[in-house]
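Asks: A single structure is presented below for examination.
The values are calculated or read from the model by the stated rules, or taken from the named source; none is laboratory data. The structure presented is a predicted model; accordingly, all values stated were derived computationally and were not measured. Neighbour counts are summed over all protein chains in view; Cβ atoms, including those assigned to glycine, are modelled from backbone coordinates with ideal geometry.
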Amino acid sequence: MDYHFHWRPVFQKLPELLQASLTTLEVAVLSMIIGIILGLLLALARMSPIKPLRWFATCWVELARNTPALFQLFFFGFGLGAFGIHFAPYFIVLFGLSFNNAGYLAENFRGGFQAVPDTQLRAARSLGMTIPQAYIRIIIPQVLRIVYHPMTNQMVWAVLMSSLGMMVGFRELSGETQFFASKTFRIFEYFAVTALIYYAIVKIILGAAKLASIRLFRY
Amino acid sequence: MSNNMSFFSGFQPHDLLFMAEAAGQTLLISVLSISTGTVFGIIFGWMLQSGNWVVRAILGTVLDVFRSVPLLIQLVLFFNFFPIMGWPLEPFAAGTFVLSLYTASLVAQVARGGIEAVGKPMRRAARSLGMSYWQDMRYVVWPIGLRAVFPAWVGVALGVMKDSALVSVLGYVELLRASQILITRTQEPFIILAVAGAFYFVLSYPLSKYSQKLEERWAS
Amino acid sequence: MIEIKGLHKYFGDLHVLKGIDLNVAKGEVLSVIGSSGSGKSTLLYCINGLEEIQKGAVIVDGVDVHAKGTDVNKLRQNLGMVFQQWNSFPHLTALENVALAPQIVKKHSKTDALEIAAKQLKHVGLGDKLNVYPNSLSGGQQQRLAIARALAMEPEYMLFDEATSALDPELVGEVLETMRMLAEEGMTMICVTHEMGFARDVSDRVAYFHQGIMEEIGPPEQIFGEAQSEHTRKFLANVR
């Protein structure tokens, strides 16, 4: 083996890499927030009696679930360019991940809604609650508990998927790593350290989710 | 008219053929990786379930790393690691290697779940009938566990098929890379991406619907 | 007063209620008995507007429940309902279960709502379970929680839909006892029930439903002693 590992340049860039990790986290968290809101709406739309609404939601969900995430990013990246719509790399990743998250979460939410018995809605209505009140105070909190675990997984996915930013010129953790790696040709060293950082981020998210679940769900 | 004939513009019929071939490449690398990964995944899953604590701790951690690091990073890492070790690999071989490992790490979890789904009482019943360990595995655990986790396995397989798009980062011309090449030439991103999306959809959607149906039927 | 006039209810082609006429006065306790599928539970759902009706009218204190423009949410505050499946809200403590509707529907302050809730829980004998989640309560306790939850809205009427049918036999007594207590306090109640003892001892009147028709109504002594209808006599002979 003639190759000599050089780790020093990588460690010198560690502050930049950690800074980029925050960007990764930021875009992942934002895409989850947007994804949860859109996912809830899509789940409700899929259960609605209005046909075009159902159709629209079904298309979104099936496209998000049956095409690669990278394809979805490319679509927001240059597919929409055909209509003169151009996003900055940050928004390509944010929109792409949000689209994907919403599709997957919508299916989880739909399962969650089906798991809460109809009688809960009836009981809430019999107390004089309006439909929105009943959903916000009674149904959705129970759904969130049911989908908490899949939602945590989706958050991990969002972090892992955000690495695709590298492919559309966004300098989150992977993009930043590639930027430095291509300047120094220490590709292996840089990506090895980045892999460790991703592993740590994922573990931190899972740990935090576990702690939060203990506080959130006392029943 | 002449503009349409020129090499640098317009999406032409033979481009569709080019994309179909690329879709074939996607299918090829997916099938190869999924089948290799599944075989190893089942073995790993069995080891996770039946091995002693040293095996479980080491294997569990290693597989966990494969699930917790972006596939894109794994691909770049291994593609650059092989030459260091003195075995430069083609993008296709490196991609297949990484995708198989990645599949195995996911299938291991599914397989362990399948073995656990069978439950101790049933296995004890099998052994009490005089079945050997391997007979119990072959005639009780395998058929029942398979049924329990088949839909989850389809989910993993379809996920890997879609993730195979990432092998394009190594320069392997699969469906998405082919689309990029065509887009650069024709400057018609929307049509080409729509065609690529349609290919992926056709590969993924029927299987995912089928497994959903099976899941519903088996649940009731 | 609850007035039911010529009420018809269909589920698709199924004719569940076939012209019901019935008045329930303030302070009255009415028990509704009959075999399952006789439409007696549906009647309750029609009274508080949880089910649409196809013909006739339900009028509560002069307000037509099913008329366009009727504020059913306001109306339901006055019609407490207790279900067969107690339907406690699993994500809220007993206190929160009871306090929620007073707070968000009646717009009481949170402190007031909690106070009302604590009072009602004590009333049904759950004073020591305020901060417990429903999944650690027994079925009978959850059903009493459901009663407290309905009472916290200070309704003038209470509708009980087979409140004890889903309970283990040893838990039925505590719920019936709570219902009896309410009756003695002068609450207007309509109780769909299979508990013949309760119907006989607690109600002012008993109505017997048979295949969507109210076959017979009268004081308990009449229904249980000298029922006019053949169907009523047969039903009572079978449940005993």
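Asks: When the range A:19-72 is examined, which residues are found to be free of Cβ contacts under 8 Å to residues at least 40 places away in the same chain, of a type in the set (A, V, I, L, M, F, W, C), within 14 Å of chain B (Cβ to nearest Cβ) and buried (at least 19 other Cβ atoms within 10 Å of the Cβ)?
Replies: A:71
Asks: Now for a separate question. Quick one: count up the residues across the range A:73-102 that are touching a residue at least 40 places away in the same chain (Cβ under 8 Å) and within 12 Å of another protein chain (Cβ to nearest Cβ).
Replies: 4
Asks: Quick one: in the range B:161-203, which of the residues that are in contact (Cβ under 8 Å) with a residue 24 or more places away in the chain and in contact with a Gly (Cβ under 7 Å, 6 or more places away or on another chain) is farthest from residue B:94 (Cα to Cα)?
Replies: B:186
Asks: When both residues are 6+ apart or on different chains and their Cβ atoms are under 7 Å apart, which pairs have a first residue that lies in the range C:132-151 and is farther than 13 Å from residue C:174 by Cβ, and a second that is surrounded by fewer than 18 Cβ atoms within 10 Å (Cβ to Cβ) and among the hydroxyl-bearing types (Ser, Thr, Tyr)?
Replies: C:133/A:219; C:135/A:219
Table: residues versus (1) farther than 24 Å from residue A:131 by Cα; (2) outside any loop (DSSP other than H, G, I, E, B); (3) of a type in the set (Gly, Ala, Ser).
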site: C:103; (1), (2), (3): no, yes, no
site: C:114; (1), (2), (3): no, yes, no
site: C:125; (1), (2), (3): yes, no, yes
site: C:131; (1), (2), (3): yes, no, no
site: C:135; (1), (2), (3): yes, yes, no
site: C:166; (1), (2), (3): yes, no, yes
site: C:173; (1), (2), (3): yes, yes, yes
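Asks: Next question. Is it the case that residue A:131 is away from chain B (no Cβ under 14 Å) and surrounded by fewer than 18 Cβ atoms within 10 Å (Cβ to Cβ)? Reasoning before the result, please.
Replies: Numbers: away from chain B (no Cβ under 14 Å): yes; surrounded by fewer than 18 Cβ atoms within 10 Å (Cβ to Cβ): yes.
When the stated conditions are applied, residue A:131 passes them.
Asks: Does residue A:159 satisfy being out of contact with any Asp or Glu (no Cβ under 9 Å at 6 or more places or on another chain), under 30 Å from residue C:146 (Cα atoms) and in contact (Cβ under 8 Å) with a residue 24 or more places away in the chain?
Replies: Details: out of contact with any Asp or Glu (no Cβ under 9 Å at 6 or more places or on another chain): yes; under 30 Å from residue C:146 (Cα atoms): no; in contact (Cβ under 8 Å) with a residue 24 or more places away in the chain: yes.
Considered against the rule, which asks whether it is out of contact with any Asp or Glu (no Cβ under 9 Å at 6 or more places or on another chain), under 30 Å from residue C:146 (Cα atoms) and in contact (Cβ under 8 Å) with a residue 24 or more places away in the chain, residue A:159 comes out as no.
Asks: Of the residues B:163, B:136, which is part of a helix (DSSP H, G or I) and modelled with pLDDT of 90 or more? I'd like the intermediate steps shown before the answer.
Replies: Values: B:136 fails: modelled with pLDDT of 90 or more.
Unique residue meeting the criteria: B:163.
Asks: Return a yes/no flag: does the range C:27-34 have any residue that is more than 18 Å from residue C:188 (Cα to Cα), in contact (Cβ under 8 Å) with a residue 60 or more places away in the chain and crowded, with 23+ Cβ neighbours inside 10 Å. Show your work before the answer.
Replies: Of the residues in the range C:27-34, the ones more than 18 Å from residue C:188 (Cα to Cα) are C:34.
Add one more test, that the residue is in contact (Cβ under 8 Å) with a residue 60 or more places away in the chain, and what stays is C:34.
Subset that is crowded, with 23+ Cβ neighbours inside 10 Å: C:34.
There is at least one residue in the range C:27-34 that is more than 18 Å from residue C:188 (Cα to Cα), in contact (Cβ under 8 Å) with a residue 60 or more places away in the chain and crowded, with 23+ Cβ neighbours inside 10 Å.
Asks: Next question, about the same structure. Given the structure, is residue B:84 without any contact (Cβ under 8 Å) to a residue 24 or more places away in the chain, more than 14 Å from chain A (Cβ to nearest Cβ) and more than 25 Å from residue B:155 (Cα to Cα)? It would help to see each step written out before you state the result.
Replies: On the way: without any contact (Cβ under 8 Å) to a residue 24 or more places away in the chain: yes; more than 14 Å from chain A (Cβ to nearest Cβ): no; more than 25 Å from residue B:155 (Cα to Cα): yes.
The answer is no for residue B:84.
Asks: While we're looking at this one, here's another question. On the basis of being part of a helix (DSSP H, G or I), within 14 Å of chain A (Cβ to nearest Cβ) and either at pLDDT below 95 or over 16 Å from the mean Cα position of the chain (by Cα) (or both), does residue B:57 make the cut?
Replies: Working: part of a helix (DSSP H, G or I): yes; within 14 Å of chain A (Cβ to nearest Cβ): no; either at pLDDT below 95 or over 16 Å from the mean Cα position of the chain (by Cα) (or both): yes.
Criteria not met by residue B:57.
Asks: On to the next question. Scan the range C:70-101 for residues that are charged (D, E, K, R), part of a helix (DSSP H, G or I) and either crowded, with 21+ Cβ neighbours inside 10 Å or more than 8 Å from every other protein chain (Cβ to nearest Cβ) (or both) and jot them down. Write out each step before concluding.
Replies: Of the residues in the range C:70-101, the ones charged (D, E, K, R) are C:71, C:74, C:76, C:96.
Cutting the leftovers down to part of a helix (DSSP H, G or I) gives us C:74, C:76, C:96.
Passing the criteria: C:76, C:96.
Asks: Now a separate question. Quick test for you: out of C:112, C:128, C:168, pick the one residue that is surrounded by 14 or more Cβ atoms within 10 Å (Cβ to Cβ), more than 25 Å from residue C:30 (Cβ to Cβ) and away from chain A (no Cβ under 14 Å). Break it down into steps so the answer makes sense when it comes.
Replies: On the way: C:128 fails: surrounded by 14 or more Cβ atoms within 10 Å (Cβ to Cβ); C:168 fails: surrounded by 14 or more Cβ atoms within 10 Å (Cβ to Cβ).
Result of the check over C:112, C:128, C:168: C:112.
Asks: Next question, about the same structure. What number of residues in the range A:137-160 are at the interface with chain C (Cβ under 9 Å from one of its Cβ atoms) and over 30 Å from residue B:71 (Cα atoms)?
Replies: Number of matching residues: 4.
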